[in-house]
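Structure, as structure tokens:
Each reported figure results from applying straightforward, stated rules to the coordinates on display, with no laboratory input. Note that the structure is predicted; figures quoted are calculated from it, not measured. As a convention, Cβ positions derive from the backbone with ideal geometry for all residues, glycine included, and neighbour counts pool all protein chains shown.
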Amino acid sequence: MLSIDEGAGGIVVVSGRLDAAEAAAAQAFLDRRDGTVTLDCAGLDYISSAGLGVLLKTQKRLLAANGKLRLAGLKPHIIDIFTYSGFDQLFEIEPAR
Amino acid sequence: MDTTLQHRPLSTQDLEAILDVTKALAAPFDLMTMLGEVVAAAKQVLRAERGSVWLYDEAKGELVLEVATGIKPVRVPWQSGLVGACARSRRIINVPDCYADPRFDPHVDKASGYRTRCMLTLPLVDHKDVLVGVMQVLNKVDGVFDADDEALAGALAAQCAVALQRVRMTAALIEGEKMRQALEMAREVQMSTLPATMPAVAGYDVCATFRPADLTGGDTFDVSLLEQGLLLVLGDATGHGIAPALSVTQMHAMLRIAFQMGASLETAFVHVNNRLARTLAEDRFITAFIGLLDPTTHEVRFHSAGQGPILRYRAARRDVERYKPTSFPLGAMQLASLRPEIRVAMEPGDILALVSDGIFEQENRSGEAFGEARVTALIDEHRDQPAAALLARLVDAVQAFADGAPQADDMTAVLLKRLPRPVAEGAFERRFDVIPALVAFTADAFARLGIDTRLLARVDLAVEELFTNMVKYGRGSGAPVDIRLYPVDGGVELAMIDHGVEPYDVTRTPDVDIAMPIEERDAGGLGLHLIRRMADSFEYEYDPQHRDSRIKVRFSVAGLAGRRP
């Protein structure tokens, strides 16, 4: 299951599993955001290519409007996915502290 | 003058005499005493000087005169002389003057110095009309034997015949009992060498059964964990009686000793054969399977000395491979050279079945044999059961088949089963909304099979990526996708089978160029790219017969640390 919500200070908090089953819901939520969006990923346990696709599409849209998507609090195994896919080059990433 | 046996009325005095004799004849149990009693009774009742009893040896067709204990008996063909004539006709022969009768043989008189005047020869026939022998009484004290004597002798003869037959049958029974006891002892020795418990071998389930036939049979088996591996032996010695039981016991011991002294399979086989060739009787030999399992490489190496067929059930194909003997039976002759051993690679779920003739050849009441096909069908039917349960089913099936027909030979079987790989299996409809079910399946499989949970996210990713590909590209197929998870050393293996589809080798799709600028990137091909980066191995196989795409992916804990950008 995935939960994606507005957190304190305009941060978007995502947790659970961002997989093919949840991608559409996540996409719909992120499509409503503009500017620089920070995604708190501390609770994100899982991401597949479908989830990466959501983030990529969002990043492209925000960059085109001079905004961006920042990812914070990623767990090491999620960072692995970003590294293997080269997505670590496409996002500003802050690992979990 | 020949007279048919008839029971004329006897005088009270005569009757008393015969009753006394009958009482006397009830007592003795050994033949010589009984013969003495019979002759004494005849002499007394018929007032004769001498008497003798010839016993009929039906097997040899001879009449035998037991003279005294320890002295070789006199034997004559049962047709010859007065005794012969009496035995054949079963009539009393009364000869008042022996030297006037051409059937009389004067040799005995010459040897003993005794002169036979007159003689009454009477058949000893028991109440079942069986000829027991012939009795002769010689030289009536005061004249010759008359018709009254004949009648009296007839009544006496009947008593004597019954008494003698009783003693002979008792003797035969005692002899038979001695044989039975000796056989039982040999069988006990034979069975005492069989292992009482099965050794524990990691990854294997081994079990044996031995069902002795009542009388004959010379089966043995051995299952023993040695330095060379797990020793498996099934032996069957030819012949009936005590000898086969003793010769298999000998072979069993020789093999144990040879292997315990460090002999190789070939050395043990050749030496035991050559030793048995020297010690076994010319017409004896032993068929035997002698094999060694290496539980780490899962290879069984064996020689079969005329023992066969050796059956290996292949779990993956659900069929049976048969192996023929590599040599002639043990002990048949010296071995000059030996063919190469047979090597069998035991796959998970495979069953090696060593089965003795007693099972294959057990007949039912119509004379039909149990046969090999029934054995293999049974193994297939009960392949998932533990070896002990499978053996019990086999024995039950043979007994049910026999349906009361006697067990003619020992029944022995040894089953070696390589344990199937533990597996979690699921079949999933090709729809995107089953993804939560996939997640639940993998989590449950990891917990149940004790797989390291650090690998769960990677397995989930592979399952999801491959499954969504199958849903997207395999629309022509309505069959669910089979997913299996196996624990392997240090990790996990995932197998996914997509049925009824065109071939598409997912392992050969091009890598994503991760250096491209973001404007040119999309998420296409990322799933397979990620699997290739994270998996230890990623294999694709297409089965054109079933139109199945089979994908195998392995992940290891060691692979978690590695970076494969």
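Data overview
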| item | result |
| --- | --- |
| 10 Å beta-carbon shell around A:ALA21, net charge (K/R +1, D/E -1) | -3 |
| Cα gyration tensor, segment A:2-95 - rounded (a/c under 1.5), prolate or oblate | rounded |
| Computed [θ] at 222 nm, helices only, for chain B once each DSSP H run of length n ≥ 4 contributes -39500 (n - 2.57) | -11500 deg cm²/dmol |
| For residues of B:522-534, the mean tally of beta carbons on other chains within 10 Å | 5 |
| Length added when fully stretched, B:ARG393-B:ALA437, from 0.36 nm per residue minus Cα-Cα | 12.0 nm |
| Amide N proximity, segment B:394-416 versus B:MET185 label position 7 Å along Cα-to-Cβ, cut-off under 13 Å | none |
| Protection proxy ranking, peptides B:73-79, B:158-164, average beta carbon neighbours within 10 Å, highest first | B:158-164, B:73-79 |
| Inter-label distance, nm, simple model (7 Å from Cα along the C-beta direction), B:SER366/B:THR12 | 7.1 |
| Folded to 0 to 90 degrees: helix B:456-473 orientation relative to chain B principal axis, Cα | 80 |
| Amide H contacts of B:THR193 (H built 1.01 Å from N, under 5 Å, at least 5 apart or other chain) | none |
| For segment B:414-436 and segment B:41-62, distance of Cα centres in Å | 87 |
| Exercise: per-residue mean of other protein chain Cβ atoms within 10 Å, A:47-55 | 6 |
| Distance (nanometres) between label positions extended 7 Å along Cα→Cβ at B:ASP384 and B:ALA200 | 2.6 |
| B:LEU338/B:THR193 FRET efficiency (R0 22 Å; Cβ-Cβ; nearest 0.05) | 0.30 |
| Among B:THR170, B:GLY61, B:VAL300 - extreme Cα towards positive end, dipole of chain B, charges at beta-carbon | B:GLY61 |
| Mean Cβ neighbour count within 10 Å, used as a protection proxy, ranking A:14-21, B:185-192 highest first | A:14-21, B:185-192 |
| Cα lying deepest toward the dipole's positive end in segment B:424-561, options B:VAL492, B:ALA561, B:PHE446, charges on Cβ | B:PHE446 |
| Value of relative contact order over segment B:383-504, rounded to a whole percent, pairs C-alpha under 8 Å and six or more apart | 26 |
| Cα gyration tensor, segment B:2-172 - rounded (a/c under 1.5), prolate or oblate | rounded |
| Cut-off under 5 Å, modelled amide H: who pairs with B:ALA405 long-range | B:ARG365 |
| Binned Cα-Cα distance frequencies in the protein assembly as shown - 20 Å width, integer % | 15, 25, 20, 17, 9, 9, 5, 1 |
| Average beta-carbon neighbours from other chains, 10 Å sphere, peptide A:77-84 | 5 |
| Cα gyration tensor shape of segment B:193-418, rounded if a/c is under 1.5, else prolate or oblate by comparing a/b with b/c | oblate |
| Amide hydrogen neighbours beyond the local backbone of A:THR38, cut-off 5 Å, H modeled | A:VAL12, A:ARG70 |
| Links that overshoot a 29 Å alpha carbon limit, given the list B:LYS110/B:LYS140; B:LYS23/B:LYS140; B:LYS43/B:LYS178; B:LYS60/B:LYS140; B:LYS43/B:LYS128; A:LYS68/B:LYS472 | B:LYS43/B:LYS178; B:LYS60/B:LYS140; A:LYS68/B:LYS472 |
| Dipole-positive endmost among B:THR220, B:ALA208, B:LEU352 within segment B:193-418 (Cβ charges, Cα centre) | B:LEU352 |
| Cβ crowding within 10 Å averaged over residues, with B:412-421, A:63-72, A:77-86 ranked highest first | B:412-421, A:77-86, A:63-72 |
